[in-house]
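Undergrad: Just dropping this structure here.
The values are calculated or read from the model by the stated rules, or taken from the named source; none is laboratory data. Fair warning: this is a prediction, and the values are worked out from it, not measured in the lab. Virtual Cβ from ideal backbone geometry, glycine too; neighbours counted across all protein chains shown.
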């Protein structure tokens, strides 16, 4: 497993529904997003992602998410105990992500779940390391 300590930029998102069919709109606006996640050597992390499209279609809303907390990485499972977040429902929860690497790109995948008023989705987020801190 590669070292996750550092700053990572979101470079790609994808979501499929419970049947494996791609969703109408990829997470955070598809290709126009801003996302950063930082993992410290002391075991803290902070992530923020937002839909950066200039104009959001009327039937959609701008998606934004941020959270932070202490993390552990064991094998291919990343667990963050959330102690700061934009969504009060996440406070105190454990956010679990499957972690893998593809040619130095970190791939994070949360479990199948609903986001806002959307049906359940299985999301995949690709991150490129931009700094060792």
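Undergrad: Is it true that residue 53 is in contact (Cβ under 8 Å) with a residue 24 or more places away in the chain, over 20 Å from residue 27 (Cα atoms), surrounded by 12 or more Cβ atoms within 10 Å (Cβ to Cβ) and over 15 Å from the mean Cα position of the chain (by Cα)?
TA: Criteria not met by residue 53.
Undergrad: Answer yes or no as to whether residue 96 is touching a helix residue (DSSP H, G or I) at 6+ places or on another chain (Cβ under 9 Å), over 22 Å from residue 130 (Cβ atoms), surrounded by 11 or more Cβ atoms within 10 Å (Cβ to Cβ) and modelled with pLDDT of 95 or more. Spell out the reasoning first.
TA: Numbers: touching a helix residue (DSSP H, G or I) at 6+ places or on another chain (Cβ under 9 Å): no; over 22 Å from residue 130 (Cβ atoms): yes; surrounded by 11 or more Cβ atoms within 10 Å (Cβ to Cβ): yes; modelled with pLDDT of 95 or more: yes.
So residue 96 fails the test.
Undergrad: Looking only at region 17-35, which residues are crowded, with 16+ Cβ neighbours inside 10 Å and in contact (Cβ under 8 Å) with a residue 24 or more places away in the chain?
TA: From region 17-35, those crowded, with 16+ Cβ neighbours inside 10 Å are 23, 25-30, 33, 35; that's our starting set.
Those that are crowded, with 16+ Cβ neighbours inside 10 Å and in contact (Cβ under 8 Å) with a residue 24 or more places away in the chain: 23, 25, 27, 28, 29, 35.
Undergrad: Among 122, 108, 73, which is the only one that is surrounded by 14 or more Cβ atoms within 10 Å (Cβ to Cβ), within 20 Å of residue 36 (Cβ to Cβ) and under 12 Å from the mean Cα position of the chain (by Cα)?
TA: Numbers: 122 fails: within 20 Å of residue 36 (Cβ to Cβ); 73 fails: under 12 Å from the mean Cα position of the chain (by Cα).
Going through 122, 108, 73 in turn, just one is surrounded by 14 or more Cβ atoms within 10 Å (Cβ to Cβ), within 20 Å of residue 36 (Cβ to Cβ) and under 12 Å from the mean Cα position of the chain (by Cα): 108.
Undergrad: Need pairs with beta-carbon distance below 8 Å; first residue in contact (Cβ under 8 Å) with a residue 24 or more places away in the chain and within region 67-87, second surrounded by fewer than 11 Cβ atoms within 10 Å (Cβ to Cβ) and in a loop (DSSP other than H, G, I, E, B); sequence gap 6+ or separate chains.
TA: Partner pairs satisfying both residue conditions: 73/1; 75/1; 76/1.
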